[in-house]
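Enquirer: To start, I am sharing the structure in question, which I have written as structure tokens.
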Amino acid sequence: MGSLRQSPPPSWLDEPCPSWCARVHAEDDHPEDRIHRAPPVFVPGVLAQVDPDTLERVPEAGTLLVQRTQHLSDPTPWILVTETEDVGRQLLMSEQVARQLADALHDQSQE
Ligand SMILES: [Zn+2]
């Protein structure tokens, strides 16, 4: 018996997975789930909402999930940043914008 990884690729997968994809794809994956995904990186952080009346920040401990994804219909990958506990809002960036953000974070966190 072989593992899932050694099974033939599903018929809907026209091209091999990108090198960064860690997902096992199955023949019966729902069309919306036909997504290449890198292993996620989890970053602890503080997420704040601004109170509309007082304009004070209301901080809350959270965890950010950072992951490269590419649905079969996407011509290029997206870099996804999202709260693991909240699927409502997601930050999606092209690889180029993600590099700009990485540079900005680096610059802003220098001594
Ligand atoms: Zn894949």
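Enquirer: Collect the residues in the range 11-32 that are free of Cβ contacts under 8 Å to residues at least 12 places away in the same chain and either near the ligand (Cβ under 10 Å from one of its atoms) or closer than 19 Å to residue 79 by Cβ (or both), keeping them in residue-number order.
Expert: Correct list: 15, 16, 19.
Enquirer: Related question: Hey, among 92, 65, which residue is assigned to a strand (DSSP E or B), surrounded by 15 or more Cβ atoms within 10 Å (Cβ to Cβ) and among the aliphatic types (A, V, I, L, M)?
Expert: Numbers: 92 fails: surrounded by 15 or more Cβ atoms within 10 Å (Cβ to Cβ).
Only one candidate passes the filter, namely 65.
Enquirer: List pairs: first residue in the range 50-63 and closer than 25 Å to residue 81 by Cα, second residue in a loop (DSSP other than H, G, I, E, B) and polar (S, T, N, Q) anywhere in the structure, Cβ distance under 8 angstrom, at least six positions apart or on different chains.
Expert: From the range 50-63, the pairs are 62/84; 63/84.
Enquirer: Take residue 70 and tell me if it is in a strand (DSSP E or B) and modelled with pLDDT of 95 or more. Reasoning before the result, please.
Expert: On the way: in a strand (DSSP E or B): yes; modelled with pLDDT of 95 or more: yes.
Yes; evaluated as a whole, the condition is true for this residue.
The rows are residues; the columns are (1) of a type in the set (Asp, Glu); (2) outside any strand (DSSP E or B).
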{"position": "16", "(1), (2)": "no, yes"}
{"position": "28", "(1), (2)": "yes, yes"}
{"position": "42", "(1), (2)": "no, no"}
{"position": "47", "(1), (2)": "no, no"}
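Enquirer: Here's another thing I want to ask about it. Based on this model, can you work out whether residue 3 counts as more than 15 Å from the ligand (Cβ to nearest atom) and either at pLDDT 95 or above or surrounded by fewer than 15 Cβ atoms within 10 Å (Cβ to Cβ) (or both)?
Expert: Working: more than 15 Å from the ligand (Cβ to nearest atom): yes; either at pLDDT 95 or above or surrounded by fewer than 15 Cβ atoms within 10 Å (Cβ to Cβ) (or both): yes.
So residue 3 passes the test.
Enquirer: Output the number of the condition that residue 36 fails; it satisfies all remaining conditions of (1) under 18 Å from residue 92 (Cβ atoms); (2) out of contact with any Pro (no Cβ under 7 Å at 6 or more places or on another chain); (3) within 10 Å of the ligand (Cβ to nearest atom); (4) not small (Gly, Ala, Ser).
Expert: Only one criterion in (1) under 18 Å from residue 92 (Cβ atoms); (2) out of contact with any Pro (no Cβ under 7 Å at 6 or more places or on another chain); (3) within 10 Å of the ligand (Cβ to nearest atom); (4) not small (Gly, Ala, Ser) is unmet by residue 36, namely (2).
Enquirer: Okay, next question. Given the conditions (1) within 14 Å of the ligand (Cβ to nearest atom); (2) under 11 Å from the mean Cα position of the chain (by Cα); (3) at pLDDT below 90, and given that residue 90 satisfies all but one, which numbered condition is not satisfied?
Expert: Condition not satisfied by residue 90: (1).
Enquirer: In the range 48-70, what count of residues is obtained for those that are under 17 Å from residue 92 (Cβ atoms) and more than 14 Å from the ligand (Cβ to nearest atom)?
Expert: Qualifying residue count, the range 48-70: 3.
The values are calculated or read from the model by the stated rules, or taken from the named source; none is laboratory data. None of these values were measured; they are calculated from a predicted model. So basically every Cβ, Gly included, is an ideal-geometry build from the backbone, and we count neighbours across all protein chains shown.
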